[in-house]
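Participant: Sending over a structure as structure tokens; questions will come in a sec.
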Amino acid sequence: MKNNKTDPENALVSDDSAVSSNQTQKKLIQRGQIDIHTHQTAAKHLKDGADALNARNYTKAIEEFQQVIQYNRESAEAHFHLGLAYFMLGDYEKAIDAYKMAVACEPSEATAHINLAATYRLLKRYDEAVDVYTRAIRFIPNHPELHSELGAVYTFQGKRREAINAYKAAMRIKLKLQFDFDQKV
């Protein structure tokens, strides 16, 4: 049996792995720097997009939010605000697509569901609005506005019984939330 300390072939094995380890570490550090740069760049575009949206420069906002999405396809915030910018320009189909992506990225975010369904409602696509609210309620059952908005869509459809049930659910949830809040205070 060879002694690894005196055998020149085996002595280099640990050095090779150290070199390999150093190379791996350098690659990870470089990757981390790239990730940080990517994150910072996306954050800048997100801020610039929000500023443009607030300034009602919707075309600029769209460009900025699309840049964010190039860096991070799963940015619910960028998709949501992109939808809002398209909505404000009257491009409702693109708004719907962006809101759908926001919902897919963050299904527990009620505002994305509400805006998606509201856009369908504006276009008188009531069945699709009902589907959105129904799915949203599965993810966020204790959100009174979802139930209330569902009731409004049922009202537009002439579905009185369903509308009443949705409004009742909204009131029950509001009362429970108020009761829970009062108990804490």
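The values are calculated or read from the model by the stated rules, or taken from the named source; none is laboratory data. The structure displayed is predicted, hence computed values, not measured ones. Heads up, the Cβs are rebuilt from the backbone with ideal geometry, glycines too, and the neighbour counts pull from every protein chain shown.
Participant: Looking at the stretch 52-96 only, could you name the residues that are within 15 Å of the chain's Cα centre (by Cα), of a type in the set (D, E, K, R) and buried (at least 16 other Cβ atoms within 10 Å of the Cβ)?
Facilitator: Initially, the stretch 52-96 is screened for residues within 15 Å of the chain's Cα centre (by Cα), giving 65-66, 68-84, 95-96.
The next check asks that each one be of a type in the set (D, E, K, R); those that pass are 73-74, 77.
Result: Glu77, single match.
Participant: Select from the stretch 35-51 the residues that are among the small types (Gly, Ala, Ser) and within 14 Å of Gly83 (Cα to Cα) and write down the one among them that is surrounded by the most Cβ atoms within 10 Å (Cβ to Cβ). Don't jump to the end; show me each part of the working.
Facilitator: Restricting attention to the stretch 35-51, the residues satisfying the condition of being among the small types (Gly, Ala, Ser) are 42-43, 49-50.
Now drop any that are not within 14 Å of Gly83 (Cα to Cα), which leaves 49-50.
Details: Gly49: 25, Ala50: 16.
This residue is Gly49.
Participant: Can you list the helices (runs of 4 or more DSSP H) found entirely within the stretch 39-157 that contain at least 2 residues being closer than 30 Å to Gln178 by Cβ, in contact with a helix residue (DSSP H, G or I) (Cβ under 6 Å, 6 or more places away or on another chain) and not assigned by TED's automatic domain parsing to the domain that holds Lys176?
Facilitator: On the way: elements: 58-71, 76-88, 92-105, 110-122, 126-139, 144-157.
So the answer is 76-88, 92-105.
Participant: Within the stretch 133-163, how many residues are in contact (Cβ under 8 Å) with a residue 24 or more places away in the chain, β-branched (Val, Ile, Thr) and within 21 Å of Ala95 (Cα to Cα)?
Facilitator: 1
Participant: Then there's this: Here are some residues: Ala152, Ala166. Which one is surrounded by 15 or more Cβ atoms within 10 Å (Cβ to Cβ), aliphatic (A, V, I, L, M) and out of contact with any Phe, Trp or Tyr (no Cβ under 8 Å at 6 or more places or on another chain)?
Facilitator: Values: Ala166 fails: out of contact with any Phe, Trp or Tyr (no Cβ under 8 Å at 6 or more places or on another chain).
One residue alone meets the criteria, Ala152.
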